[in-house]
Amino acid sequence: MIMWVNKWKHLLGILSIPLQGLIYMWIASNSGTDIIFNYYWIDTQIPFVKWFIFPYISWMPVLYLSFLYLALKHRSLYWRTLLIYNLSVMACNVVFWFFPTYVPRPDVEGTDLASMLVNFIYQSDAPLNCFPSVHCLTSYLLFITLKRDLVTKLSVRVFMYTLLWLIIISTVFTKQHALIDVFGGIVFAELTYQLVHYMTSINQRREKQYSNSL
């Protein structure tokens with residue numbers, strides 16, 4: 001039993017994902033009245049397309065399954081990516097607290113599955129704390145991790161690239177986010193990725209220098 005726990009205890013790191021989600025919801029529920037209307041002319045030109053709700057809701061399963069795969073197959077990359085995820089999302093939470101934003105949503109009528117899913121998301125997720133988009137941040141993080149740090153089959157890469165970018169695009173077509181939220185999420189992910197990789201490379205050089213001096 002102890003050996004089994006020691007072998008798989010690193011999977012507990014995935015629990016940081018729902019923990020960050022709870023922090024996000026707490027901040028949203030405690031937002032004051034000084035909320036910035038985060039919507040611009042260009043956003044009004046983007047149509048609402050309810051069918052984009054399907055890639056949008058795939059975000060959470062994709063996120064958990066991706067970290068589970070990394071935990072099982074690439075443990076060191078799993079820890080590094082999890083660190084990037086937590087640092088970048090914590091930075092988002094700081095922005096949410098001091099810079100709360102709001103985006104308008106359309107009225108969605110209809111009894112088809114897509115319409116019902118859109119209304120479910122609208123009812124369960126308040127249109128607050130939109131900049132930067134965590135959906136876009138995490139999807140882009142998984143994209144660059146797959147692109148830069150993993151060797152996989154071409155078919156897998158094409159499928160995941162397409163799905164991750166559909167998730168990113170879906171945030172504006174479902175009117176969950178404005179374009180600036182998308183760019184903000186991508187920038188937060190990229191900067192945190194570069195920072196962690198820079199610090200990792202410094203530590204690796206120091207360890208190499210130390211081993212060479214022995």
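Return yes or no: is Leu70 within 25 Å of Ile144 (Cβ to Cβ), among the aliphatic types (A, V, I, L, M) and more than 14 Å from the chain's Cα centre (by Cα)?
In short, yes.
Please determine whether any residue of the range 158-172 is farther than 27 Å from Lys50 by Cβ and in a helix (DSSP H, G or I).
Checked against the condition, which is being farther than 27 Å from Lys50 by Cβ and in a helix (DSSP H, G or I), the range 158-172 yields no hits at all.
Going through the range 78-116 one residue at a time, which ones are among the β-branched types (Val, Ile, Thr), over 19 Å from Phe188 (Cα atoms) and open to solvent by less than 80 Å² (accessible area, probe 1.4 Å)? Walk me through it before giving the result.
Quick first cut of the range 78-116, residues among the β-branched types (Val, Ile, Thr) only: 81, 84, 89, 94-95, 101, 103, 108, 111.
Add one more test, that the residue is over 19 Å from Phe188 (Cα atoms), and what stays is 103, 108, 111.
Across the range 78-116, the qualifying residues are Val103, Val108.
Could you check the range 19-44 and list, in sequence order, the residues that are in a helix (DSSP H, G or I) and open to solvent by less than 50 Å² (accessible area, probe 1.4 Å)?
Correct list: Gln20, Gly21, Ile27, Ala28, Asp43.
Taking into account only those residues within the range 157-214 that are aliphatic (A, V, I, L, M) and at pLDDT below 95, which is farthest from Ser115 (Cα to Cα)?
Once the filter is applied, the top-ranked residue is Leu214.
Rundown of residues vs (1) open to solvent by 40 Å² or more (accessible area, probe 1.4 Å); (2) at pLDDT below 90; (3) closer than 22 Å to Thr101 by Cα, yes/no style:
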{"site": "Trp4", "(1), (2), (3)": "yes, yes, no"}
{"site": "Ile46", "(1), (2), (3)": "no, no, yes"}
{"site": "Ile53", "(1), (2), (3)": "no, no, yes"}
{"site": "Ser58", "(1), (2), (3)": "no, no, no"}
{"site": "Val62", "(1), (2), (3)": "no, no, no"}
{"site": "Lys73", "(1), (2), (3)": "yes, no, no"}
{"site": "Ser76", "(1), (2), (3)": "yes, no, no"}
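What are the pairs with Cβ atoms under 9 angstrom where one residue, in the range 147-170, is open to solvent by 80 Å² or more (accessible area, probe 1.4 Å) and the other, located anywhere, is of a type in the set (Lys, Arg)? Sequence gap at least six, or different chains.
Partner pairs satisfying both residue conditions: Lys147/Arg157.
I'd like the full set of residues that are in a helix (DSSP H, G or I) and of a type in the set (Ser, Thr, Tyr), limited to the range 173-202.
Result: Thr192, Tyr193, Tyr198, Thr200, Ser201.
Quick one: is Ser66 at pLDDT 95 or above, buried (at least 20 other Cβ atoms within 10 Å of the Cβ) and hydroxyl-bearing (Ser, Thr, Tyr)?
yes
The values are calculated or read from the model by the stated rules, or taken from the named source; none is laboratory data. Just so it is clear, the structure is predicted and the values come from calculations on it, not from any experiment. Quick reminder, even Gly has a Cβ in these numbers, built from the backbone with ideal geometry, and neighbours come from all protein chains shown. These accessible areas exclude ligands, DNA and RNA; they are computed on the full protein's heavy atoms, side chains included. Shrake-Rupley method; radii C 1.70, N 1.55, O 1.52, S 1.80 Å.
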